[in-house]
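The values are calculated or read from the model by the stated rules, or taken from the named source; none is laboratory data. Keep in mind it's a predicted model, so treat the numbers as computed, not measured. Cβ coordinates were reconstructed from backbone atoms using ideal geometry, including for glycine residues, and neighbour counts include every protein chain displayed. For accessibility, only protein heavy atoms count, side chains too; no ligands or nucleic acids. Shrake-Rupley method; radii C 1.70, N 1.55, O 1.52, S 1.80 Å.
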Amino acid sequence: MLEGMHHISISVDDLEEARDFYAGLLELAEIDRPNLPNPGYWFQAGACQLHLTGRRGRANETSIPGTGAGETHFAFAAFDLEPVKRRLEIAGVDVKDGINAGLGLRQLFFRDPSDNLVEVFCTLEES
């Protein structure tokens, strides 16, 4: 059902300080980041990416409306979101399903039982 972990996104208080920490001290390779409405930096960490998102006071102030993106979360890649969505909804999980045309993705956002934000996505060609 899921292909594997794709990225972990964390919201940080000071983007430049966090960038220096992850790129400088930990020597992660900075990668291109699309033009998104919230500020941030992306890094490659082996097979997984680390996404940093700037936080102004509260995480939801930098969120992408209706999704939860911009908050600290982790994301799985999948080939087909329908079985994932169906399974979650049958279990009573509230799923936000949306298209991010700018990134060419269909994304599901939902919360685990401990209120952690989880994303599962696929490319629009695969959805």
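Number of residues in the stretch 1-53 that are of a type in the set (S, T, N, Q), touching a strand residue (DSSP E or B) at 6+ places or on another chain (Cβ under 9 Å) and modelled with pLDDT under 95: the value is 4.
Which one is modelled with the lowest pLDDT, of the residues in the stretch 98-123 that are at negative phi, open to solvent by 60 Å² or more (accessible area, probe 1.4 Å) and of a type outside the set (A, V, I, L, M, F, W, C)? Residue satisfying both the conditions and the ranking: Ser114. When restricted to residues that are open to solvent by 20 Å² or more (accessible area, probe 1.4 Å) and either under 18 Å from Gly4 (Cβ atoms) or in a loop (DSSP other than H, G, I, E, B) (or both), the stretch 74-87 contains 6. Checking every residue in the stretch 11-30 against the condition of being within 15 Å of the chain's Cα centre (by Cα) and among the basic types (Lys, Arg) gives zero matches. Taken over the stretch 43-55, residues that are closer than 17 Å to Phe21 by Cβ and in contact (Cβ under 8 Å) with a residue 24 or more places away in the chain amount to 7. Kindly indicate whether Gly68 is touching a strand residue (DSSP E or B) at 6+ places or on another chain (Cβ under 9 Å) and either of a type outside the set (Phe, Trp, Tyr) or at pLDDT 85 or above (or both). Here the answer is yes, as Gly68 does meet what is asked. The set of residues in the stretch 22-38 being open to solvent by 50 Å² or more (accessible area, probe 1.4 Å) and within 21 Å of Gly104 (Cβ to Cβ) consists of Asp32, Arg33, Asn35, Pro37. For the stretch 1-15, a residue qualifies if it is surrounded by 11 or more Cβ atoms within 10 Å (Cβ to Cβ) and outside any loop (DSSP other than H, G, I, E, B), and the qualifying residues are Met5, His6, His7, Ile8, Ser9, Ile10, Ser11, Val12, Leu15. Consider the stretch 39-57 and keep the residues that are part of a loop (DSSP other than H, G, I, E, B) and open to solvent by 60 Å² or more (accessible area, probe 1.4 Å). The one that is nearest to His6 (Cα to Cα) is Ala47.
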